[in-house]
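The values are calculated or read from the model by the stated rules, or taken from the named source; none is laboratory data. What you are looking at is a predicted structure, and each value in this text was computed from that prediction instead of being measured. Note that each Cβ is placed from the backbone with ideal geometry, even for glycine, and that neighbours are counted across all protein chains shown. When the accessible area is computed, the model is the full protein with side chains, heavy atoms only, and any ligands, DNA or RNA have been set aside. Shrake-Rupley method; radii C 1.70, N 1.55, O 1.52, S 1.80 Å.
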Amino acid sequence: MTTINENYLKLKAGYLFPEIARRVKNFSEANPNTNIIKLGIGDVTEPLPEACRTAMIKAVEDMGDRATFQGYGPEQGYGWLREKIAANDFQARNCDIDASEIFVSDGAKCDTGNILDIFSRDNKIAVTDPVYPVYVDTNVMAGHTGKANDKGEYDGLVYLPISAENNFIADIPSQKVDLIYLCFPNNPTGATATKDYLKIWVDYAKARGSIIFFDAAYEAFITDDSLPHSIYEIEGAKDCAIEFRSFSKNAGFTGTRCAFTVVPKTLTAKVSDESDIELWKLWSRRQCTKFNGVSYIVQRGAEAVYSDTGKAQVKKLVSFYLENAQIICNQLKRAKFKVYGGVNSPYIWLKTPYNLSSWDFFDKLLQTAHVVGTPGSGFGAAGEGYFRISAFNSRKNIEEAMKRITTQFSM
Ligand code: MLT
């Protein structure tokens, strides 16, 4: 008899974004002539930078010539891309990260889940609440949790609540945790972390032999020069942190797929005999067995992000979405919404009006303004009463959506 991984049965309902898509589909089937504006999932809308497209077209031509054709690439990514990443994203910011510590992949979402392959089930895991749901669900799937309670909190996980009261910045837990997920600029709240704040976590992790999973998928949206883009800007982080990055939100690669994970060579964890093992070796072994690398064409496109023209085009793209975020914040504040984030971040986090629950506000917004956002409770129990709006859309749609929301909900 074939049996299943019963951890999947512990998962609460569907994954957040398919559930939103299901409700939107039902609404649009019942109201076929309605123009729905989607500011829910953080999916980009603007075209790929011209520098990336040109590089990908050239790479397609390379594939058509025996002399330049590429078969299987290195599972860790091509050396020329890893070198550019190390130089531009890290060494240029005084982070001592070498190309050999960078592992190119098809997504930060996949990597934050897949990384669990190299860790034991015995680790105590901490997540913020609210949190990007992938961190929680992948731990449930891997059998690292018990069952969920009525609020959707899983037994065995340590939840670190974030709210307006603590500026959406989690306090250090009183107990020892082994793996800690941090995401800055934060999804979903749009909060940012200062160097001093990250230093507290690095010191905590180093003192206790813990490891921080640092998700920096939105670092390109940081415009405040005092804020760190990478956790490796903090002294000691190379000994206690793995960082996840993506080309999805800066260069618009959500449909093209390219990201990378940094596993420093100095980062170790314990074997049951108390010896230490280098994690980059395990991650490399995992990738070589379960992954065949990102396509040559896509990696050439990602490489172009680091050319002078690529950098300028990416900057323009990010600025465009940040201007959208500013318009959203300004309009919502004018309508007396309580608004957070949206600066150094493409996400705006707001308190639902009239004390509506997150999903009630979602339904009301869809039905009356025909605008889709993301219910805060979908990111965790402490997200109840909040709502996320994404700035990833055309200017026309952002302006129209704000007009509709403020008309329907001015307080
Ligand atoms: C989100 O909306 O939270 C993001 O699109 C999720 C992701 O990048 O996977």
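GNM remark for the chain: springs join alpha carbons under 10 Å apart, and the peak mean-square fluctuation among 84, 199, 396 falls on 396. Only Lys, Arg, Asp and Glu carry charge here, each on its Cβ (+1 for the first two, -1 for the last two); on that basis the stretch 93-173 has a dipole of about 160 debye about its Cα centre.
Report in % the part of the accessible area of the stretch 1-140 that belongs to carbon and sulfur, leaving out ligands and nucleic acids; probe 1.4 Å. Carbon plus sulfur share of accessible area: 50 percent. Here the accessible area of the stretch 233-302 is 49 percent carbon and sulfur, with a 1.4 angstrom probe and all protein chains present.
All other residues with a Cβ under 9 Å from the Cβ of residue 124 taken together, and with Lys, Arg as +1 and Asp, Glu as -1, what is their net charge? Counting the neighbours of residue 124, the net charge comes to -1.
Rounded to the nearest 20 debye, the dipole magnitude of the chain is 1120 debye, with +1 charges on Lys and Arg beta carbons, -1 on Asp and Glu beta carbons, and the Cα centre as origin. In the chain, a dipole from Cβ-located charges (positive for Lys and Arg, negative for Asp and Glu) runs towards its positive end, and of 134, 370, 192 it is 370 whose Cα lies farthest in that direction.
DSSP assigns beta bridges within the chain; of those with both partners inside it, close to 55 percent run antiparallel. Mind checking which lysines have their C-alpha under 27 Å from residue 351, skipping anything on the same chain fewer than 8 residues away? Once the sequence-local lysines are set aside, what remains near residue 351 is 12, 25, 38, 109, 151, 249, 333, 336, 338, 364, 396, 403. Got a sec? Charge dipole of the chain, +1 on Cβ for Lys and Arg, -1 for Asp and Glu; which of 146, 355, 260 is way out at the positive end? Ranked along the dipole, the leading option is 355.
In terms of overall dimensions, the stretch 1-84 has a Cα radius of gyration and Dmax of 21.8, 56 angstrom. The spacing between the stretch 23-97 and the stretch 326-393, judged by their C-alpha centroids, is 28 Å. Accessible surface for the stretch 146-221, divided over its residues, is 40 Å² per residue with a 1.4 Å probe.
Hey, if you drop one equal point scatterer on each alpha-carbon of the chain and run the Debye formula without solvent, what base-10 log of I(q)/I(0) do you get at q = 0.09, 0.10, 0.11, 0.13 Å⁻¹? Values returned for q = 0.09, 0.10, 0.11, 0.13 Å⁻¹ are -0.56, -0.70, -0.85, -1.18.
Residue ranges 56-66, 316-326, 2-12 sort as 316-326, 56-66, 2-12 when ordered by packing (mean number of other C-beta atoms within 10 Å per residue, highest first). Entry comment: accessible area of the stretch 39-99 is 57 Å² per residue, from protein heavy atoms only and a probe of 1.4 Å.
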